[in-house]
Structure formats: structure tokens, C-alpha cells
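The values are calculated or read from the model by the stated rules, or taken from the named source; none is laboratory data. All values reported here derive from a predicted model rather than from experimental measurement. Cβ sites come from the backbone with ideal geometry, for glycine too, and all protein chains shown count toward neighbours. Accessible surface areas use protein heavy atoms only, side chains included; no ligands, DNA or RNA. Shrake-Rupley method; radii C 1.70, N 1.55, O 1.52, S 1.80 Å.
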Amino acid sequence: MEKVSIDDVEPSTFDPENRTHDRRGLTEPLNAGDVAVARYVLEPGERFSGALHAHMDQEEIFLVVEGEATFRTREGEVTVSEDEAVRFATGEFQTGGNEGDEDLVAFALGAPRETEDVRIARIPGVGNVACPDCGHDNMQIPGTDGEPLVCPECDGELTVK
């Protein structure tokens, strides 16, 4: 058994443009081997992630504890209220955040824990992401910051600034 106080976990963010939100990864402190867990506290206007994305080898569940989360998918928009949850299957594109007037507290769970193949389809301020060589409608995020996005169909590259 592992136990952790969320207040003892240092906040972090995956999105350098969204440094104010409070994301606390609980996976490592809990020594979780098969599931990724994070707690988010988002103020109005803040996001879980910066782009419409999909994990090609991981499903995600978001559980809203306080407030309301709005998610956008390729099929449309879904609102998840307090005491509700939403599941995104592997390969399902989504992005979400707090479009309400109150703070949002939510937990994100991903399984299996490790995910290598993350795709991106749209970036705020940039627009849709497509391969410049073959036109494929999403690109794979590289493992290292600063590297170009890679097309999963033809290995074409796209540098996004």
C-alpha cells in the first residue's frame, strides 16, 4: 500500500504556455505501475493540455470533483459536471479545460500507465496539424522537446513553433 498527501506533491505542467494551473502527478508518489494519475485544479480559462490530442495506446478517464469541464473532440463538445466522469478510448482525440466561471478540480486517470504514441491534430493559435508531405490529419509528438512532429503514415516532419 502507498499513501500520499496531494498537498505534498509539487505542481507541474506539460504546457509551457499554461504555467498557472495546478497539476499534481500522483503516479510516481503512489508508485503506480499500471495507471497514470493526476489531480488538476484549473482556474477559469485554463486547460488540461494545450492541443487536441490522442493517446494511441492509452485510454483516459477524467473525474470532475468540483466545477465543470468542457472537452472538445472531433465529434463535438461535451460538458462534464461535478460528480461526473468521461472516458476517452485509445486513439480518440480530445482537449479540455475550464470554460466556466468557477475553479475546476478534476482527476485524470490513464491506463496503461506508459504511453509512447501521442498524436496531435490541432494546436490553439496554430490550427489544424497535417503532414506537409502526404496530408495525414495528425502527427506524432516526438519523445524529445524541440524535435519536429512526425507523420505516422509517411515519416514526414513538421516543425511547429
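Key figures for this structure:
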| quantity | calculated |
| --- | --- |
| Solvent accessible area, Å² - Ser81, 1.4 Å probe, full protein context | 40 |
| In Å², nearest 10: area of Leu63 left accessible to a 1.4 Å probe | 70 |
| In Å, descending, principal axis extents of the Cα set of the chain | 47, 36, 27 |
| Heavy-atom accessible surface of the chain: percent carbon and sulfur, 1.4 Å | 45 |
| Positive-end extreme of charge dipole, the chain - chosen from Gly135, Ile61, Ala108 (charges on Cβ) | Gly135 |
| Alpha carbon convex hull of region 44-108, volume per residue in cubic angstrom | 69 |
| Descending semi-axes in whole angstrom, ellipsoid equivalent of region 1-88, from the Cα gyration tensor | 22, 16, 14 |
